[in-house]
Amino acid sequence: QVQVVESGGGLVQPGGSLRLSCTASGSSLDIDAMGWYRQAPGKQRELVAAAFSGGSTNYADSLKSRFTITRDNAKNAVYLQMNSLNSEDTAVYYCYITNLGIIYWGQGTQVTVSS
């Protein structure tokens, strides 16, 4: 059974930074993509960033200047560094992985940007 667990969410002031972490565990892990989606209240879930086993990354165009995704294959972990946060970044952030063609989601971590 594969598990995906996020951490690092919380309350941050506008202009601040936050780093999210996500770790996958389980048997027969052969992870292709690891990444992040987010869902703000009343909005659809949207892609934030993804990192692929070959080393490439993909970002939402509107976020690539402020967010950075990194991946540690040895730890089956992915990280999201978020800088210059504003109120529009307030959302639940979900980590996902694709393992042997199946997508697995974490439970989500709340990020709130507010003064």
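The values are calculated or read from the model by the stated rules, or taken from the named source; none is laboratory data. Since the structure is predicted, the reported quantities are computational estimates derived from the model, not experimental observations. Neighbour counts are summed over all protein chains in view; Cβ atoms, including those assigned to glycine, are modelled from backbone coordinates with ideal geometry. Ligands, DNA and RNA are stripped out before the accessible areas are found, and what is left, the full protein with its side chains, is counted by its heavy atoms. Shrake-Rupley method; radii C 1.70, N 1.55, O 1.52, S 1.80 Å.
When the Cα convex hull of the chain is projected onto planes of every orientation, the mean area is 6.8 nm².
For P14, what charge total do you get from the other residues with a beta carbon under 15 Å from its beta carbon, if Lys and Arg give +1 and Asp and Glu give -1? That works out to -1. Think of each Lys and Arg Cβ as +1 and each Asp and Glu Cβ as -1; about the Cα centre, that makes the dipole of segment 41-115 roughly 100 debye. Spin-label model, Q110 to D61: label points 7 Å out along the Cα-to-beta-carbon direction sit 3.3 nm apart. Surface composition of the chain: carbon plus sulfur atoms hold 45% of the accessible area, using a 1.4 angstrom probe and ignoring ligands, DNA and RNA. Each other residue within a Cβ distance under 10 Å of G101 adds +1 if Lys or Arg and -1 if Asp or Glu, for a net charge of -2. A straight chain from T68 to V5 at 0.36 nm per residue would run longer than the Cα-Cα distance by 20.8 nm. Its Cα centre serving as origin, segment 1-82 has a Cβ charge dipole (Lys and Arg +1, Asp and Glu -1) of approximately 260 debye. Think of the chain as a dipole: +1 on every Lys or Arg Cβ, -1 on every Asp or Glu Cβ, centred on the Cα centre; then among A51, I31, P41, P41 lies furthest on the positive end. Between D89, D72, D32, find the one with the highest GNM mean-square fluctuation for the chain; connect C-alpha pairs within less than 10 Å. Taking springs between Cα atoms under 10 Å, the residue moving most is D72. Over the chain, accessible surface divided per residue gives 53 Å², non-protein components excluded, 1.4 Å probe. Once both labels are positioned 7 Å from their Cα atoms along Cα-to-Cβ, the gap between N83 and Q39 label points is 3.0 nm.
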